[in-house]
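Okay, so here's the structure we're looking at.
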Amino acid sequence: MTNLMRSNFQAHPFHLVSPSPWPIFTCVSLLALTTSGVLTMHGFSAAQEFLILGLVLLICSMSFWFRDVISEATYLGNHTLAVQRGLNMGVALFIVSEALFFLAIFWTFFHSALSPAVEMGAQWPPSGIESVNPFELPLLNTVILLSSGFTVTYAHHSLIQGFRRGALYGIVLTVMLAVIFTALQGLEYTVSSFTLSDSTYGSCFYFGTGFHGLHVMIGTAFIAVGLWRVLAYHFTENHHLGLESSILYWHFVDIVWLVLFISIYYWGS
C-alpha cells in the first residue's frame with residue numbers, strides 16, 4: 001500500500017500535461033485560415049466565407065486551449081516555479097522570433113531607402129508619393145502608446161504591492177489607450193494618399209505598420225484577459241505569470257513602434 005501511494009506522487013516539479021484536443025484543432029484552424037486567405041486573395045468564389053469560418057474556429061480552439069491552461073495554473077496548482085521558468089523562457093523566445101520578423105521588415109525598408117531603384121525615380125520616397133506627416137497622427141499615436149506602457153507598468157507594480165484597485169485602473173486605462181491607438185491607425189490608413197501597391201515604399205509602410213497594428217490588437221486581447229483574471233482574483237502578489245507575459249509583450253510592441261516612428265515615419269519621409 002505504501003509503495004502504491006508513493007507511485008501516485010511525482011518526483012519532479014514539472015507539469016506533464018494531460019492529452020488535449022486543442023493543439024490539433026488549432027493546427028487545422030490555422031491551415032483553413034491560411035488556405036482560405038490565399039484563395040480569397042486570388043478571387044475564388046465563397047473563399048471569404050471559409051476565411052471567416054477559419055478565423056472563428058481558430059479563436060474558439062485557442063480560447064478553449066487557454067481556458068485549460070488557466071485552470072491548470074489557477075485551480076489545479078500545476079504551474080510550479082520550474083514550470084513558470086519554462087513558460088517565461090517560451091514567452092521570451094516568442095518575442096525574440098517576433099523581433100527577428102520585424103528586423104526583416106526594417107532590413108527591406110532600409111535596403112530600398114538607401115539604394116532606391118531606377119524604377120522608383122532613384123529617390124526615396126519614390127516620385128509621386130506624398131509620405132505621411134510624422135508630426136500629426138503618428139506623433140499622437142506615439143504619445144498614446146508610450147502612455148499605455150506607463151499605465152500597464154503602474155498596474156503591474158500595484159499588483160505586486162497588493163493594491164488591487166490601482167492594478168485594475170492601470171489595466172483599464174491601458175486597454176482604452178490601445179483601442180484609441182488602433183482606431184487612429186485605421187483613420188490614418190483612410191486618409192493616406194498612397195496604397196499598399198504603390199511601389200516598395202507603400203509595401204514596406206503598410207506591411208510594417210499593419211503588422212505592428214496586428215500585434216497591438218493581439219496585445220490588447222492579451223491584456224484584456226489579464227484584466228478579467230484580476231477581476232476574478234486569479235492573480236496574487238507573487239503569482240501572476242499571465243499578466244507579466246502580457247506586459248512584457250506590450251513593452252515589446254512599444255519598442256517596435258518607436259523604431260517604426262523614427263525610421264519609417266520620420267527618417268523615411
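The values are calculated or read from the model by the stated rules, or taken from the named source; none is laboratory data. What you see is a predicted model; the values in this text were computed from it and never measured. Please note: Cβ atoms are built from the backbone with ideal geometry, for glycine as well, and neighbour counts cover all protein chains shown.
The single condition from (1) more than 22 Å from the chain's Cα centre (by Cα); (2) farther than 22 Å from Trp228 by Cα; (3) in contact (Cβ under 8 Å) with a residue 24 or more places away in the chain that Ser36 fails is (3). Report whether or not Ile70 is farther than 27 Å from Cys204 by Cβ and touching a Gly at 6+ places or on another chain (Cβ under 9 Å). Taking the combined requirement at face value, the residue satisfies it.
Using the structure shown, decide if Glu72 is modelled with pLDDT of 90 or more and part of a helix (DSSP H, G or I). Judged against the criteria, Glu72 is not a match. Could we say that Val143 is on the phi < 0 side of the Ramachandran plot and surrounded by fewer than 19 Cβ atoms within 10 Å (Cβ to Cβ) here? Yes.
Scanning the range 120-132 finds no residues that are surrounded by fewer than 16 Cβ atoms within 10 Å (Cβ to Cβ), assigned to a helix (DSSP H, G or I) and at pLDDT below 95. None of Leu87, Leu55 is surrounded by 12 or more Cβ atoms within 10 Å (Cβ to Cβ), assigned by TED's automatic domain parsing to the domain that holds Gly213 and at pLDDT below 95 except Leu87. Scanning the range 17-25 finds one or more residues that are surrounded by 15 or more Cβ atoms within 10 Å (Cβ to Cβ) and more than 25 Å from Ser203 (Cα to Cα). With the condition kept exactly as written, say whether any residue in the range 233-245 is touching a residue at least 60 places away in the same chain (Cβ under 8 Å), out of contact with any Lys or Arg (no Cβ under 6 Å at 6 or more places or on another chain) and hydroxyl-bearing (Ser, Thr, Tyr). The answer is yes, given that some residue of the range 233-245 is touching a residue at least 60 places away in the same chain (Cβ under 8 Å), out of contact with any Lys or Arg (no Cβ under 6 Å at 6 or more places or on another chain) and hydroxyl-bearing (Ser, Thr, Tyr).
The residue list Thr195, Thr151, Thr190, Thr209 contains one member that is under 30 Å from Tyr75 (Cβ atoms) and of a type in the set (Val, Ile, Thr), which is Thr151. Checked against (1) surrounded by 14 or more Cβ atoms within 10 Å (Cβ to Cβ); (2) in contact (Cβ under 8 Å) with a residue 12 or more places away in the chain; (3) under 21 Å from His12 (Cβ atoms); (4) β-branched (Val, Ile, Thr), Ile70 passes all but condition (3). Evaluation of Arg85 against the conditions (1) over 30 Å from Ser197 (Cα atoms); (2) touching a residue at least 60 places away in the same chain (Cβ under 8 Å); (3) of a type in the set (D, E, K, R) shows that the sole unmet condition is (2). Among residues of the range 115-131 that are closer than 10 Å to Asp198 by Cβ, those with a beta-carbon under 9 Å from a residue that is surrounded by fewer than 10 Cβ atoms within 10 Å (Cβ to Cβ) and acidic (Asp, Glu) at least six positions away or on a different chain give the pairs Pro126/Glu119.
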